[in-house]
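The values are calculated or read from the model by the stated rules, or taken from the named source; none is laboratory data. Remember, predicted model here, so these are calculated numbers, not experimental data. A quick note on method: Cβ atoms are made from the backbone with ideal geometry, for glycine too, and the neighbour counts reach across all protein chains shown.
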Amino acid sequence: MYGYTILNSRKRVIIALIHTVVFCGVAAVQVRFPPAKSPILTAVYAIVSAVLALLAAKSGCARERLYFACCMSSAALGLARQIVGDPALHPAVYLRVALLAAAVLLGFSMLRLPATAPPA
């Protein structure tokens, strides 16, 4: 998988894609049942957002960078919801689901299409 620096094998893409599908499901459940404010959950969202931001910065090709940016933005919105609070119909939860759904589509595209052609 030429052009990718972090998700440089099919196995890594599949593992990342499984995680993204699971967290997209979690975000979809949170549409109906928002989580209570918790310092532990706030810390988890902060750590995950920071790690995904580093991965986005270290990514090679645009598709890989966009994948990590979508995941990082979703985690950052989860962090913001924990800090600010969670009204009944908060638009951030819908945006989180949309970002993770976009990341799932990008993950499938990484499995099917190469980033760039290998050098000649």
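For this structure, a couple of remarks:
- In the stretch 22-42, the residues that are closer than 15 Å to residue 90 by Cβ form Cβ pairs under 9 Å with partners that are surrounded by fewer than 15 Cβ atoms within 10 Å (Cβ to Cβ) and modelled with pLDDT of 85 or more, at six or more places apart or across chains, as follows: 31/94; 37/83.
- Flag if residue 44 is under 15 Å from residue 101 (Cα atoms) and at pLDDT 90 or above: no
- Condition met for residue 56 (of a type in the set (Gly, Ala, Ser) and within 16 Å of residue 78 (Cα to Cα)): no
- Of the residues making up the stretch 46-54, none is within 18 Å of residue 21 (Cβ to Cβ) and out of contact with any Cys (no Cβ under 9 Å at 6 or more places or on another chain).
- Condition met for residue 92 (modelled with pLDDT under 90, surrounded by 12 or more Cβ atoms within 10 Å (Cβ to Cβ) and either on the phi > 0 side of the Ramachandran plot or in contact with a Lys or Arg (Cβ under 6 Å, 6 or more places away or on another chain) (or both)): yes
- Top-ranked residue in the stretch 31-83 [being assigned to a helix (DSSP H, G or I) and in contact with a His (Cβ under 9 Å, 6 or more places away or on another chain); ranked as surrounded by the fewest Cβ atoms within 10 Å (Cβ to Cβ)]: 81
- Number of positions in the stretch 19-36 that are aliphatic (A, V, I, L, M) and more than 16 Å from residue 74 (Cβ to Cβ): 1
- Within the stretch 1-21, considering residues that are β-branched (Val, Ile, Thr) and without any contact (Cβ under 8 Å) to a residue 40 or more places away in the chain, the one farthest from residue 93 (Cα to Cα): 15
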